[in-house]
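**Q** Dropping the structure in here first, questions after.
Values in this text are rule-based calculations from the coordinates and carry no lab data. Since this is a predicted model, take the numbers as computed values, not measurements. Virtual Cβ from ideal backbone geometry, glycine too; neighbours counted across all protein chains shown.
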Amino acid sequence: MEAEEARSNFLVGLIGGYVRPEAAVLEIGCKGGKNLDPLYRAGFTELTGLESSEERVRQIEGRFGDLWERVRVLQGPLEESTGRFADGDFDLVFSVGYFAEDADYQRLFDEMARVTGRYMITIEDERVLPDRTRARDFSEIFEKRGLEQVEEIDVSHQAGLESVFFCRVFKKG
């Protein structure tokens, strides 16, 4: 099985284990659509993606025409884009490899917790790399914001995901 297909199958199975296909799902940093597309093809119908890069949004339109016509993709600063949504608007919020930079994302973390209605999944780098000054502990980050971690998965050997990634699933109280 190709790495991208394995990665897609893992993500669809993981998200499908927590919410039904008609659930409202938000991806933080949807890049070029490579995570939303397999969810759409698996029958998820209420998909929203936020992306700060205008170029990445154009990639979704060019690469995944069907997806582009059927999902909501918003472009702009992510912590501002989430302001368009009400508290608990999404059954599930997720991110995959978005928080790789050593930047201050506290406001975005607050917004992610706010718009999460039931579950949040982070598949992110939690290990210290040579070009970063600190590692993030997403369990600590989101538990301080009222979410409870219900599952953790070491995905370092999962095909198609970076070996520095770790997966955490949170439930909103």
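**Q** Can you tell which of Asp110, Asp91, Asp104, Asp87 is part of a strand (DSSP E or B), within 23 Å of Arg168 (Cα to Cα) and among the acidic types (Asp, Glu)?
**A** Asp91
**Q** Surrounded by fewer than 13 Cβ atoms within 10 Å (Cβ to Cβ) and within 22 Å of Ala23 (Cα to Cα): which single residue out of Asp87, Asp104 fits that description?
**A** Asp87
**Q** Could you grab me the full set of residues in the range 137-173 that are in contact with a strand residue (DSSP E or B) (Cβ under 6 Å, 6 or more places away or on another chain), outside any loop (DSSP other than H, G, I, E, B) and within 14 Å of Gly97 (Cβ to Cβ)?
**A** Selection gives Phe138, Phe165, Cys167, Arg168.
**Q** Anything in the range 26-62 that is among the charged types (D, E, K, R) and touching a helix residue (DSSP H, G or I) at 6+ places or on another chain (Cβ under 8 Å)? List them, or say none.
**A** Passing the criteria: Glu27, Lys31, Lys34, Asp37, Glu51, Glu61.
**Q** Moving on. Can you work out which of the residues in the range 13-59 that are of a type in the set (Val, Ile, Thr) and either touching a His at 6+ places or on another chain (Cβ under 7 Å) or free of Cβ contacts under 8 Å to residues at least 40 places away in the same chain (or both) is surrounded by the fewest Cβ atoms within 10 Å (Cβ to Cβ)?
**A** The extreme case among them is Thr45.
**Q** Another question, if that's okay. Any residue in the range 20-29 that is part of a helix (DSSP H, G or I) and over 18 Å from Trp68 (Cβ atoms)?
**A** Scanning the range 20-29 turns up no residue that is part of a helix (DSSP H, G or I) and over 18 Å from Trp68 (Cβ atoms).
**Q** Read through the list (1) out of contact with any Phe, Trp or Tyr (no Cβ under 8 Å at 6 or more places or on another chain); (2) closer than 21 Å to Ser139 by Cα; (3) in contact (Cβ under 8 Å) with a residue 40 or more places away in the chain; (4) part of a loop (DSSP other than H, G, I, E, B), then give the number of the only condition that Phe10 fails.
**A** The single condition Phe10 does not satisfy is (4).
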